[in-house]
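Colleague: Below are the structure tokens for one structure; questions will follow.
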Amino acid sequence: MELTEYSNSLADRLQSAVGGKATDGWVDGYREAMSAYLGELYGNEVQGRSQVVSRDVAEVIDGSMPSFMRTFMGGARVVEFQPTAADDEDAADEATELVNHFWSVKNNGFTNTYTWIKDSLLNGVGVIKVWYQEEIIEPARREAVDVAAAQAMGLDVDESGTVLVSAEKKRRTIKIEPIPPQEVRVSNRGGSSIDDVDFVAHVKLVTRSELLKLGVTEEQLGKIDWDADLFDVVPDSNAEESAIANSYRVGYNVNSVGSHSLTSDLIDDEALQFCLLVDASVLIDQDGDGIAERRRIIWAGREANVILYDEPTEMVHFELLSPILMPHCLIGNSLAGQVLDIQLIKTGLFRNGLDNVAQQVNPRRQGVVGQFNIDDATNPEIGVIERVQSIGALVDMPSPNIVGEVNSLLEAADGVRESRTGMRKFSSMLDGRGQNAYSETAFGAGLVENAANDRLDLITRTFAETGFRGVFKKILRLIVEHWDEPLSIRLRGKPTTIDPRKFDIDMDIMPTVGLGVNGKQQKIAEADGMLAIAEKVITMQGGLMGAFIGEKEAYNFLKASLVARGEKVVSNFIKDPGAQEQQQPVAPPPDPKLQELQMKMQLEQAKMKQDADLKREQMQAEISLKREQMLAEMQLKREQMMLGSNGGVNVGNVRMGGQVG
């Protein structure tokens, strides 16, 4: 596919996608729900009358959040991978540790979970983005050098006359970020799962300065359509007082006929000019083989003028969370939507009740014209004397007391709210299953099930089986795809090495989330009950060497009791009898001065050895030479002696041995 055709296809897909505006149904009543949550006025208020607003939406949302957060973040682990085959146990354990590490330690797990859940309760959908990223922890360092000398040494000198001194250092990680639902665009084609849609994107405005920080070149910036009207594609721009319009007020215009536009052509500071940045998961036939493949594409500009990233992928890097599922629909209903009408009704009842009480305390009056003092009648002071010309000239008008009826109607409205949402009074005492702790005894008896609590149970299970299950599977997939070496992480206070290369994304495991589903006291009671049974069995079998429970099994019972109490580092209390002690003390980093001293000593020792070897060789050479000289002189003497006996030659000056020469 040609580049222009490719860019046009992406721009068209974005234009036809839905999302971000109340008019297209992507976020059901987002603005209305947010206004109700904040307790904003409805606009039908009357001057001089009560203007109180009931806060049912906020009470339901904020009242249910402790239950959901306790369920998903109250335990030592957010997720556990349970093996379905015996040979998957070790892999499941390590996958559990690694995924929890990336969720809670490498990313802000608590805040991400809170935002994701609250978005879904308020808007009907929460959106989270998960992706692999290489972060630069130390940039490459270059230094200016003598070009000729550096080239003579074989160094790589760039055009500016510098050489690479230290290479760029990167750190691989998994990034997790909840994004505002109004910044998401999704195709209206697809099934009820985010993994089936052919187009889903995160859309936001970025400035020229932000793009430069992302590594976009000046040449690429020149291709971006900075004067494009982004009103119909930017997040939440269909209202004149939207957040985007307020953020970029200088570029937000309403012309004389009432139409709107959102451009950056009126911004004087070029660094603050903004454009569209789109991070999309797209099914597209890039290679023209007739089969669309999944790709992650990031581009800048409304018309996809500059593509910053384009790689094939096996997954959609978004995951959705909805509290109330709708059959065959991608997006469900919000918890806030269940009480919007209740809040409106109760607001009217509150106002009428308060106005009625005010009329009982300060009733309206009727008087005979000219028979009373108007200043006295309108004086708000307590105990003021009112002057009249005759008895009965100024009397209070009777007002019926409707407070009792208002209270009855408010109780009826609360009953409807409870049946719709599962939120009852004393909801702050909800445990991890959304149940009222007043129904739990001090001895840890089971919590009483009822219809209202079942609603929160269902929402909790829906969260676990949809969004949370999906995002943790995607984290595991990213780890398997991008790590080709062991990972060193700190678990339970100790450094641990885990090798993701032995993981198989399709291994027989099922992620179990929502581990805080029971109250803490109930967990402790269950663990202690099992421990008591174990003690009886150990007594019955006469110790830990019996047929039923051994040392390892007893350790597991004690460990379960400690984990139920929230202890994360079990080894601080008990020792695993089956664990092999592998104490590998980590050597401290060597002292540079000591290293230098050791090097000098080694050099001196090598020189001394070399000198000794040389002297030994010289001595051996001298000894050999003297031996040869001695033999030669002895031979000469014998010859002279033979000559002397024959001819009388004097041989007295011949010496044995001596210096050469």
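The values are calculated or read from the model by the stated rules, or taken from the named source; none is laboratory data. All of these numbers come straight from a predicted model, not from anything done at the bench. Cβ: placed from backbone, ideal geometry, glycine included. Neighbour counts: every protein chain shown. For the accessible areas, the whole protein counts, side chains as well, though only heavy atoms, and no ligand, DNA or RNA atoms are used. Shrake-Rupley method; radii C 1.70, N 1.55, O 1.52, S 1.80 Å.
Colleague: Only one residue in 338, 343 is under 22 Å from residue 125 (Cα atoms) and open to solvent by 30 Å² or more (accessible area, probe 1.4 Å), so which one is that?
Modeller: Every option except 338 fails the conditions.
Colleague: Just to verify a result, which residue in the stretch 281-302, among those that are open to solvent by less than 40 Å² (accessible area, probe 1.4 Å) and among the hydrophobic types (A, V, I, L, M, F, W, C), is farthest from residue 129 (Cα to Cα)?
Modeller: The selected residue is 284.
Colleague: Condition first: in contact (Cβ under 8 Å) with a residue 12 or more places away in the chain, open to solvent by 20 Å² or more (accessible area, probe 1.4 Å) and over 30 Å from residue 334 (Cβ atoms). Now tell me which residues in the stretch 458-489 satisfy that.
Modeller: 480, 481, 482, 484, 485, 486, 487
Colleague: Starting from the stretch 189-214, keep only residues that are within 12 Å of residue 320 (Cβ to Cβ) and modelled with pLDDT of 90 or more, then list their pairs with residues that are in a loop (DSSP other than H, G, I, E, B) and open to solvent by less than 10 Å² (accessible area, probe 1.4 Å) whose Cβ atoms are within a distance under 7 Å, requiring at least 6 positions of separation or different chains.
Modeller: Short answer, once both residue conditions are applied: 194/316; 195/316; 200/316.
Colleague: Output the qualifying pairs, or none if there are none: Cβ atoms under 7 angstrom, residues six or more apart or on different chains, first residue in the stretch 303-316 and under 15 Å from residue 197 (Cβ atoms) and open to solvent by less than 20 Å² (accessible area, probe 1.4 Å), second residue in a strand (DSSP E or B) and of a type outside the set (Lys, Arg).
Modeller: Partner pairs satisfying both residue conditions: 316/200; 316/281.
Colleague: Please determine whether any residue of the stretch 372-393 is touching a helix residue (DSSP H, G or I) at 6+ places or on another chain (Cβ under 6 Å) and farther than 23 Å from residue 41 by Cα.
Modeller: Yes: one or more hits.
Colleague: Still on this structure, please answer the following. Filter the stretch 102-143 down to the residues that are of a type in the set (Asp, Glu) and either under 30 Å from residue 156 (Cβ atoms) or more than 18 Å from the chain's Cα centre (by Cα) (or both) and list them by number.
Modeller: Residues satisfying the conditions are 134, 135, 138, 143.
Listed here are the residues, each with its yes/no results for (1) at pLDDT 85 or above; (2) in contact with a Lys or Arg (Cβ under 6 Å, 6 or more places away or on another chain); (3) open to solvent by less than 90 Å² (accessible area, probe 1.4 Å); (4) hydrophobic (A, V, I, L, M, F, W, C).
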| residue | (1), (2), (3), (4) |
| --- | --- |
| 493 | no, no, yes, no |
| 499 | yes, no, yes, no |
| 503 | no, no, yes, yes |
| 511 | no, yes, yes, no |
| 523 | no, no, yes, no |
| 528 | yes, no, yes, no |
| 533 | yes, no, no, yes |
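Colleague: For residue 328, work out the one condition from (1) assigned to a loop (DSSP other than H, G, I, E, B); (2) over 30 Å from residue 191 (Cα atoms); (3) open to solvent by 60 Å² or more (accessible area, probe 1.4 Å) it doesn't fulfil.
Modeller: The single condition residue 328 does not satisfy is (2).
Colleague: Only residues that are acidic (Asp, Glu) and open to solvent by less than 80 Å² (accessible area, probe 1.4 Å): list them for the stretch 358-386, please.
Modeller: Across the stretch 358-386, the qualifying residues are 376, 386.
Colleague: Report, by residue number, each residue of the stretch 363-383 that is touching a residue at least 24 places away in the same chain (Cβ under 8 Å), part of a loop (DSSP other than H, G, I, E, B) and over 20 Å from residue 49 (Cα atoms).
Modeller: As a first pass, look at the stretch 363-383 and keep what is touching a residue at least 24 places away in the same chain (Cβ under 8 Å): 363-368.
If we keep only those that are part of a loop (DSSP other than H, G, I, E, B) as well, we get 363-364, 368.
The one that is touching a residue at least 24 places away in the same chain (Cβ under 8 Å), part of a loop (DSSP other than H, G, I, E, B) and over 20 Å from residue 49 (Cα atoms): 368.
Colleague: For residue 115, state whether it is modelled with pLDDT of 90 or more and surrounded by fewer than 21 Cβ atoms within 10 Å (Cβ to Cβ).
Modeller: yes
Colleague: So, one more: Could you grab the pairs with beta carbons closer than 9 Å, sequence gap of 6+ or different chains, first residue in the stretch 525-551 and over 13 Å from residue 561 (Cα atoms), second one in a loop (DSSP other than H, G, I, E, B) and open to solvent by less than 40 Å² (accessible area, probe 1.4 Å)?
Modeller: Pairs that qualify, where the first residue is over 13 Å from residue 561 (Cα atoms) and the partner is in a loop (DSSP other than H, G, I, E, B) and open to solvent by less than 40 Å² (accessible area, probe 1.4 Å), are 537/546; 537/549; 538/546; 538/549; 540/546; 541/549; 544/550.
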